[in-house]
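> Dropping the structure in here first, questions after.
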Amino acid sequence: MRLSELTYITQNIIDKGTFNVTSPEMMDEARRYNMAMVTNAAEKRRVDVITGIWFIVHLPLPLAWVCFMLATQTLADMGFYAAGDFGRIMTYAAIAAVFLGLVAYYGLFGYYIIFRFQRDPKLVMLCSLPVLLAVFPLGFLIVAVNVIMAWWYTKTDEKLSHEAGYPAFVRLNVTTVESDAHSVLDLTYDSIKERTRHRRSEGDEFL
């Protein structure tokens, strides 16, 4: 529901969070607006939670893969060393590249994506590339999923940014000050008309 589609609810009313209903049409618009806020808030919360969980939960994967790879490579190196095949032993340069990629990935991804809460797909890809030095071929999968998550987040956020009430999507507190109704459930056209006739000193009938 875009702001241009609303007749009675303005941006000022949305900012205040309170909407005084004085006609059945206003009540209907308030009901539709609040229902849209519930839907939009749920969609925004869902994409926030899912992307946030992935960006945090996947972080131990590269480290676990490196530990597994080093343990496997160490056992293989022992066999190559005993056989005198030193050309296949993992070099210190290769080990340094692995840990350099791991540190760079955690540093960049942790600062920009988690701490700064950046979700631009291009930035996410750049921050994810160092993981390719640390874990191969698992790194390609991590980079791909990171970019897909960032793309999904930005696409959803862009769609919701055109909706009224963005980004909080807080429901309006509906009041019935100029109505005989004790609550919005009792609001009718006759009760509003009668209440307005008695409240206005000039005696003009409502509508």
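Computed from the coordinates by the stated procedures, all read-outs in this text should not be read as laboratory data. Keep in mind that this is a model prediction, so the values were computed, not measured. When we count neighbours, we look across all protein chains shown, and the Cβ atoms used for this are built from the backbone with ideal geometry, even at glycine.
> Could you list which residues have their amide H under 5 Å from that of Val174, counting only those 5 or more apart in sequence or on another chain, with H placed in the peptide plane?
Phe19
> If we count other beta carbons within 10 Å of each Cβ, what is the order of Leu172, Leu70, Leu6, fewest first?
Numbers: Leu172 21, Leu70 15, Leu6 18.
Ordered from fewest to most neighbouring Cβ atoms within 10 Å, Leu172, Leu70, Leu6 come out as Leu70, Leu6, Leu172.
> Express in nm, to one decimal, how much length is gained between Gln118 and Arg46 on full extension, taking 0.36 nm for each residue of separation and deducting their alpha carbon distance.
Separation in residues times 0.36 nm, less the Cα-Cα distance, equals 24.2 nm.
> Taking K and R as +1 and D and E as -1, what net charge do the other residues with C-beta under 14 Å from the C-beta of Leu108 add up to?
Working: positive: Arg116, Lys122; negative: Asp120.
Residues close to Leu108 contribute a combined charge of +1.
> Please compute the net charge surrounding Trp151, taking Lys and Arg as +1 and Asp and Glu as -1 over other residues with Cβ under 14 Å from its Cβ.
Net charge around Trp151: +1.
> Let me ask something else. Please arrange Thr176, Thr7, Thr39 by how many other C-beta atoms lie within 10 Å of their C-beta, fewest to most.
By the 10 Å Cβ count, ascending, the order reads Thr7, Thr39, Thr176.
> If you don't mind, another one. Ranked by Cβ crowding within 10 angstrom, fewest neighbours first, how are Met35, Met125, Met149 ordered?
Met35, Met125, Met149
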